[in-house]
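What follows is a single structure, written as structure tokens, with notes after it.
All of the numbers you see were taken from the coordinates with simple rules; none came from a lab. Being a predicted model, the structure only gives us computed values, none of them experimental. Here Cβ is always computed from backbone atoms with ideal geometry, including for glycine, and neighbour counts include all displayed protein chains.
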2 protein chains.
Amino acid sequence: MNRRDFDADIMKEIKERWSPRAFAKTPVDPVDIKGVLEAARYAPSCFNEQPWRFILGDSDPIRGQIFGLLTEKNQRWAKRAPVLILIVAQKLFEQTGKDNPWHAFDSGTAWGFLALEAWRRGLITHGMGGFHKKDASALFDLSEHELPIAVIALGYQGDPKVLDEEQQLKEHPSLRRKASESVLIGWNTEWE
Amino acid sequence: MNRRDFDADIMKEIKERWSPRAFAKTPVDPVDIKGVLEAARYAPSCFNEQPWRFILGDSDPIRGQIFGLLTEKNQRWAKRAPVLILIVAQKLFEQTGKDNPWHAFDSGTAWGFLALEAWRRGLITHGMGGFHKKDASALFDLSEHELPIAVIALGYQGDPKVLDEEQQLKEHPSLRRKASESVLIGWNTEWE
């Protein structure tokens, strides 16, 4: 297993955070659920629109409903996650009713804040794109202007041995391309 | 001026961060530029695609080129920001060439990580949606699969008096709806 490399000293939560699949079944204290939602609340957004919405599954029936939307591959591990949250992006500006081109971008920022606050509290998160979006819209009666965009598993890290063999092999922090490789124009090679 | 309220104890950087317009002209140390890009690097993304790309304007000509794309209203204050970064979302999965529905969402997460790391380092950021996207694509020769999505001003906080009167009045942290108001389904009223 390769280890993540760091070319700069960055904040502890960003440095340490990763997305495990092995969840312990320990329930999450409501204080922590409120805490991660409060962190998402204070994300910046275009015109302060705050287009992120959450469907919070911390217990059945909602948790089970969100679980039922996941792909089989995600269900295999997410069945142990005590909290599942569906992130929904509101596509229109509230004031004007016009398209908000930043609905997904700003919702991603809120998710990032949620993930870091979770890590700070000793919780893990794992974001999933693999779920049935049309079924999500139907199940939760979302309008065409509400886009179900990701499901987040939230809970405590568990023993990797609870995972099947295939998923155990993936149970480590994923690597990244170098920061410089994401700079299309303007990277200064003297910085290396 | 109303003050932000907090219903949970959240991480210092999220609690304190806001988006000032009053920038000092002090240049940003390359160590800090590398640092904020390194924080963005470690954002999570769907299939670890890392769809965020940056055009980094820490000096002319690139800084001036990005500045020229901004709306007049943003130029009025952003002229003092020493670093301007254009965020570009890569719309296709690298491996399959298929549409990545999370290109904007994941790029927003990377921007959130960048903003928090900047704040930790004593820097401020201000994200802008107000810029000419088509001109950006033409100027930087972006393909149809690369979406210019936001411009970030990065630098040090300055004296609000450098702003014009209209923008001075807005120079304070913006408020948010309550966390519970962003939960479409599943908020527990016993938590209040």
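For B:LEU175, neighbours were defined as the other residues whose beta-carbon sits under 9 Å from its Cβ, and their charges (Lys and Arg +1, Asp and Glu -1) total +3. Total lysine pairs in chain B at Cα distances under 17 Å, for residues eight or more apart or on different chains: 10.
Can you give the calculated 222 nm mean residue ellipticity of chain A, where each DSSP H run of n ≥ 4 adds -39,500 (n - 2.57) and the sum is split over every residue, rounded to the nearest 500 deg cm²/dmol?
Working: 7 runs with 62 residues, N = 192.
The helix contribution divided over chain A gives -9000 deg cm²/dmol.
Computed over chain A, the P(r) curve from all C-alpha pair distances, binned at 10 Å from the origin, holds 9, 31, 35, 20, 5, 0 percent per bin.
Inter-part distance, region A:34-72 to region B:2-24, computed on C-alpha centroids, equals 21 Å.
Each other copy holds its own label point for B:LYS98; taking that point as 7 Å from Cα along Cα to Cβ, the gaps run 3.4 nm, nearest first. Shielding of peptide A:173-180 by partners, expressed as the average count of other chain Cβ atoms within 10 Å per residue Cβ, is 5. Taking Cβ atoms as reference points and 11 Å as the exclusive limit, the residues near A:LEU92 contribute a net charge of -3, counting Lys and Arg as +1 and Asp and Glu as -1. Would you please classify the overall shape of region B:64-145 from the alpha carbon gyration tensor, given that a ≥ b ≥ c denote the square roots of the eigenvalues, rounded means a/c under 1.5, and beyond that prolate means a/b larger than b/c while oblate covers the rest? Oblate is the answer for region B:64-145, as a/c is 1.5 or above yet b/c matches or exceeds a/b.
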